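Following this message is one structure expressed as structure tokens.
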Amino acid sequence: MTVKLKVLEFANKVSRKKMGAKNGIKPTDPEYRILEPVVSDEMAEAALCLEFRKPQTAAQVAERCGKPLERTSQLLWELAMAGVCFVNRIDGVDQYWYDTWVPGIMEMMTNNKENVRKYPQIAESFEAYGRVRGAATAGNFPVGIGLMRVIPIESAIDGNSRRASYEEVSTYLNENDIFSVSDCSCRTAREAMGEGCGHLKEDMCIQMGHAAEYYIRTGRGREITRAEAFEIIRRAEENGLMHQIPNTDGPGKTHAICNCCGCSCLSLRTAEMFINTDMVRSNYVSHIDPQKCMACGECVETCPTNALQLGQKLCALNAPARPPRETPRDNDWGPENWNPDYRYNRKDVVDTGTSPCKSSCPAHIGVQGYIKLASQGRYRDALELIKKENPFPAVCGRICPRHCESDCTRGDIDDPIAIDEIKKFIAEQDLNAQHRFIPRVKNTYPQKIAVVGAGPAGLSCAYYLAVEGYSVTVFEKETLPGGMLTLGIPAFRLEKNLVNAEIEILKELGVTFRTGVEVGKDATLEALRAQGYAAFYLAIGAQASRKLNIVGEDSSGVFGGVDFLRQVNLGSAPELHGRVIVIGGGNVAIDVARSAARLGAASVDMYCLESRPEMPALQEEIEEAEAEGITIHNGWGPKRILSANGCVSGVEFKRCLSVFDEYQRFHPTYDETDLTSVEASFVLVAIGQGIQWGRLLEGSAAVLNPNGTLQADPLTYQTAQPDIFAGGDAHTGPRFAIDAIAAGKQAAISIHRFVHPGQSLTIGRSPRAYQSLDKKDLDLQGYDRMPRQKPAHIGRDRGFYDPRVTFTEEQVRQETARCLSCGATVVDEALCVGCGMCVTRCKFDAVSLVREYDGVGAALPDMKPIVIRHMLKRKVKIAQKKVTRKVKAILKN
């Protein structure tokens, strides 16, 4: 392609380089490439007559470049529209000037949306500029002198006696009279490259003064009031965005406020990729009070630079010292020191691990945090914290497998914390409409999302999408929403008023439920696409009973376990009598057996292949069943179902020898028999669940696994059909409700990104790879033994109600006092930019911004001598450090 020489000359002028010099701008450099698609050589001739930050009229420029006034005026306006120069009306006349590349020309050019659509090269060049030039700045700018600067969230420094007016967003808004707002240029560029991160870009960057006039006149932004500007700041903070300003106008002055994220901001990349935090940081650094910190993880997840990670608070016997991070302040700095994959390798937990409760929970709920809030009587705050990861605490408080309790460090002293009982107590207030916690809807998006299946995965996805601001419709083929929560779990384990109360919150968030509609039969995915649905989340569950495929299974009186429970919950269960045999050893089989005992069975016997220790059912559920008189026979597999006149009469079982050998170690006197026949009036088969897709996937590219589950990416839950996402049992096979709930939230994050053009489903996203601290390395000898609180029961009359009573407030107080508070957040100060987002998210007053620097800032013409002095001092530090290392090495040898 022919090089536009005048354009190249202008690129060198802006860069203060000599054209043709060794370090001059070349046609392959981003400075030229960003201009090339939209700036002609004739336009560049006019641009070459402009001055840096010195306004000139068209007449003055025309005189300098020797062009007619009318043509010069036209060329200057084209340059302004392209984003190459500013235009303001000064003393009644339009005047023009150019500014720096960044912040300046490149953002302005990227904010011309039409040009970026036509010429993605503009966005690519803007992105490339900092990546190519940023390395040279590493370590060479003192705090406060970078081209961009973080301004702390104002509430994070309230009460700080050393705060200065130039560190307050409100100062800049109150000192200006004209404002505009535009889309974020960084996120616009990332989006054009297909590398968006899902953070809001629309109406997020505020311009003031001369920049606002320019943006309004050229259509880059719309005019707003000061009050609207403050509302944009509030909305940005609510959506996890922090603030930066162009820092070249002079101390306490700026012409814009950017609301930034760490995963797309091209300024923050300096800190994250090059570990050159001083180039952008505020004067503040985040400090954590470990005694107050409860490792809830809210600060960690919102930190834009991954400076915060979860660690441990409990003393370790052999705690490895965390080495200080090397920085470019006093080290030679090259590619080996960078983190080019910072958008993909985010970590939430330090290598030595953190609280076992949060790590083992499939949803990674801040357990330690809500226990502390409950201990303080702050139940609504505790509920809000739980719902960050799990919208259904009342449900999960009754049916959760409690991995958190199994891994609880307190269990190594006496008994684990009764975490689920505490959660049940907290969730009680959510059942009362007057005290119900309904989160604020963050945004309003036009896209419609369809969720197929109203079980825990589908409901979770719908909840988080609704909170984000989407119109969500849940399609459910049954007459009631809730999936297995409503129809698959008997009321003596999960009363339906609890499920309905938590579903009611979704309705108040605007979620629409269409029950009795089977997608694939009553409406196809293609028809829903035609109705404007932009994405689909398929969470139909594993709602079918698996068959034994043995003789006699079709006899009258034989029922599938899941089908039987559905009939029980719908009030249409068969009347049982005589002996009932339940085949299976999982939680569903236990529920089936206990339900049968309540429906007229004279006796209930369970037969399963597994030995007692190997039974998949939870130990608590097994004990509940036995307490109700249900007999469990381990190590038996059904060979055939016996029948008479088409009706079941019994089951012939065969001893499973391999399992029996294992069982015999626990019951050595057990009588071994190869075959046995057992009389039965009814047989309930609960050996697993299958998935009934029907015609749902017809015409789609989605792929099923051999076991009938839907293939999807393990992080994003996207299937081979791009607009279809999957989760819950339909993706994983039968698991617990909390697994489905966790999947639903992650799918909601992916769907949010998918429905916006140019967004990546993975960039800037945490893999949520949590790991527990090493409990074997803890010193737990000094802790007192404290008995675990136990919930009361209201009797065992085999009714269809939950006999378990919620903790009293006094029990909650005593049980929360048993928590060891295992985890705490740790700060990598070398990565912290002092934005204050962590402070705003902490519910425990454990995070504060401490003013550790006094960088005031400088106007661009004054920066050069400051930077040169700093560079010389840095060279001395590097030399001294090298000498010190050599001396230490000599002494060591």
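Assuming a ≥ b ≥ c are the square roots of the Cα gyration tensor eigenvalues, decide whether region 491-549 counts as rounded (a/c under 1.5), prolate (otherwise, with a/b larger than b/c) or oblate.
oblate
Give me Rg/Rg_expected for region 1-95, where Rg uses Cα atoms only and Rg_expected = 2.2 N^0.38 Å with N residues.
For region 1-95, the normalised Cα radius of gyration comes out at 1.07.
Oh, and also: So if we plug the beta-carbon distance of R222 and A792 into 1/(1 + (r/R0)^6) with R0 = 56 Å, what FRET efficiency do we get, rounded to 0.05?
0.35
Need one number for region 248-325: average projected area of the convex hull over its C-alpha atoms, nm².
7.3 nm²
Dividing the alpha-carbon radius of gyration of region 129-222 by 2.2 N^0.38 Å (N being the number of residues), what value is obtained?
1.31
Here is a further query. With bins 10 Å wide starting at 0, give me the P(r) of the chain over every alpha carbon pair, in whole percents.
Going from the shortest bin to the longest, the percentages are 2, 11, 18, 20, 18, 13, 9, 6, 3, 1, 0, 0.
Beyond 28 Å between alpha-carbons counts as too far, so tell me which of K775/K892; K292/K507; K201/K388; K358/K790; K347/K875; K424/K547 fall in that bin.
K775/K892; K292/K507; K347/K875; K424/K547
Near the amide H of I417, under 5 Å away, which other amide H atoms are found, from residues 5 or more places off or on another chain, if H is placed in the peptide plane?
Amide H to amide H, under 5 Å and 5 or more residues apart or across chains, I417 pairs with R410, G411.
Oh, and also: So what are the ³J(HN,Hα) numbers for region 382-394, from phi and the Karplus equation (6.51, -1.76, 1.60; θ = phi - 60°), rounded to whole Hz, Gly and Pro as x?
5, 5, 4, 5, 4, 6, 4, 10, 9, x, 10, x, 5
Could you rank the peptides 734-740, 591-597 by their average count of other C-beta atoms within 10 Å per residue, with the highest value first?
Ranked by mean Cβ neighbours within 10 Å, highest first: 591-597, 734-740.
Here's something else I'd like to know. Taking H as built 1.01 Å from N, whose amide H comes closer than 5 Å to the amide H of A256, not counting residues under 5 places away?
M208
Can you give me the distance in nm between label points at I178 and S155, each placed 7 Å from the Cα along the Cα-to-Cβ direction?
About 3.3 nm separates the two model spin labels.
Right, something else. For region 756-893, which whole-number percentage of the solvent-accessible area (1.4 Å probe, protein heavy atoms only) is attributable to carbon and sulfur atoms?
56 percent
Given H placed on each backbone N at 1.01 Å, which residues far from K448 in sequence or on other chains put an amide H within less than 5 Å of it?
Answer set, sorted by chain and number: A534.
Share of region 485-577's accessible area from carbon and sulfur, percent, 1.4 Å?
Carbon and sulfur: 44 percent of the exposed surface of region 485-577.
On the principal axes of its Cα set, how long, how wide and how thick is region 755-800? Give whole Å, largest value first.
58, 45, 13
Same structure, new question: Give me the percent of the accessible area of region 698-747 that comes from carbon and sulfur atoms, probe 1.4 Å, all protein chains in place.
Accessible surface attributable to carbon and sulfur in region 698-747 totals 51 percent.
Hey, can you rank 126-134, 769-777 by average C-beta count inside 10 Å, highest first?
In descending order of packing, they fall as 126-134, 769-777.
Restricting things to alpha carbons, tell me how big region 125-169 is in terms of Rg and Dmax, in Å.
Reported Rg and Dmax, both Å: 14.7, 43.
Also, quick follow-up: Can you give me the accessible area per residue for the chain, using a 1.4 Å probe, in Å²?
It amounts to 41 Å² per residue over the chain.
Compute the Cα gyration tensor for region 413-493, then decide on rounded, prolate or oblate, letting a ≥ b ≥ c be the square roots of its eigenvalues: rounded whenever a/c is under 1.5, prolate when a/b is larger than b/c in the other cases, and oblate in all that remain.
Taking the square roots of the gyration eigenvalues as a ≥ b ≥ c, region 413-493 is oblate.
A further question on this structure: Which net charge results when you count Lys and Arg as +1 and Asp and Glu as -1 among the other residues whose beta-carbon is under 14 Å from that of A686?
Result for the neighbourhood of A686: -2.
Placing +1 at every Lys and Arg Cβ and -1 at every Asp and Glu Cβ, with all other atoms neutral, what dipole size does region 310-446 have around its Cα centre, in debye to the nearest 20?
Result for region 310-446 is approximately 660 debye, rounded to the nearest 20.
Which whole-Hz couplings ³J(HN,Hα) result when phi for each residue of region 536-542 is put into the Karplus expression 6.51 cos²θ - 1.76 cosθ + 1.60, θ = phi - 60°, listed in order with x for Gly and Pro?
Along region 536-542, the couplings run 10, 10, 9, 9, 7, x, 10 Hz.
For region 778-893, build the convex hull from the C-alpha positions and give me its volume per residue in Å³.
Enclosed volume per residue, from the Cα hull, is 281 Å³.
Here's a follow-up. Ordered by residue, what ³J(HN,Hα) values in Hz, to whole numbers, does region 185-201 give under the Karplus form 6.51 cos²θ - 1.76 cosθ + 1.60, where θ = phi - 60° and Gly and Pro are x?
Each residue of region 185-201 in turn: 5, 5, 6, 5, 5, 4, 4, 4, 8, x, 10, x, 10, x, 6, 3, 10 Hz.
For region 845-893, compute Rh as the Kirkwood radius over C-alpha pairs and then the Stokes-Einstein diffusion coefficient at 37 °C and 0.692 mPa s; write the answer in µm²/s, rounded to an integer.
D, rounded to a whole number, is 227 µm²/s.
Counting only helical runs of four or more DSSP H residues, what would the 222 nm mean residue ellipticity of the chain come to if each run contributes -39,500 (n - 2.57) and the total is spread over all its residues?
Computed mean residue ellipticity for the chain: -9500 deg cm²/dmol.
Applying a 10 Å radius around every beta-carbon, put 627-633, 87-93 in order of their mean neighbour count, most first.
Output ranking for 627-633, 87-93: 627-633, 87-93.
Within region 109-150, which residues have the backbone N less than 18 Å from the label spot 7 Å out from A879 along Cα→beta-carbon, could you tell me?
140
Here is a follow-up. Would you work out which of T816, G857, H752 lies farthest towards the positive end of the dipole of region 717-862, given +1 charges on the beta-carbon of Lys and Arg and -1 on that of Asp and Glu, about the Cα centre?
Value computed over the given set: T816.
Once you list every other residue whose beta carbon is under 14 Å from the beta carbon of M193, what net charge do they have if Lys and Arg are +1 and Asp and Glu are -1?
+4
Below 14 angstrom from the Cβ of T486, what's the summed charge of the other residues (Lys, Arg +1; Asp, Glu -1)?
-1
Something else now. Based on the alpha-carbon gyration tensor of region 414-458, what equivalent-ellipsoid semi-axes (square roots of 5 times the eigenvalues) come out, in whole Å, largest first?
That gives 31, 17, 11 Å for the three semi-axes.
The values are calculated or read from the model by the stated rules, or taken from the named source; none is laboratory data. Just so we're clear, the structure is a prediction, and the values are computed from it rather than from any experiment. Ideal geometry is used to build each Cβ from the backbone, glycine not excepted, and the neighbour counts take in all protein chains shown. With ligands, DNA and RNA removed, areas are computed over all heavy atoms of the protein, side chains included. Shrake-Rupley method; radii C 1.70, N 1.55, O 1.52, S 1.80 Å.
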